[in-house]
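> The structure follows.
What follows is calculated from the coordinates using simple rules that are stated; it is not laboratory data. All values derive from a computational prediction rather than experimental measurement. Note: ideal-geometry Cβ built from the backbone for every residue, glycine included; neighbour counts use all protein chains shown.
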């Protein structure tokens with residue numbers, strides 16, 4: 001078994017041996033496991049297309065699930081393949097749930113723009129979606145201009161830039177409660193439009 005380790009020929013080793021070597025920080029053994037299980041990770045990731053995460057992000061989460069499986073696998077409780085499948089699926093599912101949670105609502109509802117052209121990143125692949133996104137963005141801008149006070153617009157702008165209520169209140173010289181009240185009014189007014 002360990003003669004293969006010296007020569008770097010891990011393709012002949014069974015999964016259990018590769019897991020043992022990987023637990024001992026052997027990067028080549030883990031690399032072989034990644035090669036063997038990449039099809040599984042990709043197939044699980046395909047099931048979550050359209051979940052709000054990019055395919056590469058889903059695969060990255062699957063790789064983290066595989067790493068977790070390697071670290072926590074106990075061969076007395078079953079096969080590594082079955083255990084790895086569960087770990088990969090759980091890690092991807094957890095990432096999807098987090099991405100869809102209310103904490104990420106602003107990020108999920110935002111439009112990505114290509115830095116060079118100023119156009120949405122998927123402009124050339126889905127023109128109908130771009131037109132709808134632009135129309136939606138224009139309606140939102142108009143609703144903000146028409147319905148929000150200057151204070152509400154300033155609070156919203158800073159909030160979307162990632163500032164906390166404490167930072168916003170300090171920048172605008174208002175107390176945190178006034179900042180929170182302004183954001184509540186923004187949500188209510190924009191939800192009604």
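> How do 179, 87 line up, fewest other C-beta atoms within 10 Å first? Let's see the in-between values first.
Values: 179 25, 87 22.
Lowest to highest Cβ neighbour count: 87, 179.
> What residues of segment 60-91 lie in the reach of a label at residue 24, counting those whose backbone N is under 19 Å from a point 7 Å from the Cα along Cα→Cβ?
Under cut-off, by backbone N: 70-76.
> For each of 98, 10, count neighbouring Cβ atoms within 10 Å of the residue's Cβ, then give the residues from fewest to most.
On the way: 98 13, 10 21.
The order, fewest Cβ neighbours first, is 98, 10.
> Sort the following peptides by mean Cβ neighbour count (other Cβ atoms within 10 Å, averaged over residues), highest first: 34-47, 69-82.
On the way: 34-47: 16.1, 69-82: 13.6.
Peptide ranking by packing, descending: 34-47, 69-82.
> Same structure, new question: Ranking 146, 152 by Cβ neighbours within 10 Å, fewest first, what do you get? The partial results should precede the final answer.
Working: 146 9, 152 19.
Listing 146, 152 from fewest to most nearby Cβ atoms yields 146, 152.
> Could you give me D for segment 2-105, from Stokes-Einstein at 10 °C and 1.306 mPa s, where the hydrodynamic radius is the Kirkwood radius over C-alpha pairs? Units µm² s⁻¹, please.
Result for D is 111 µm²/s.
> Which FRET efficiency value, to the nearest 0.05, is calculated for residue 38 and residue 68 with the Förster distance at 22 angstrom and r the Cβ-Cβ distance?
0.85
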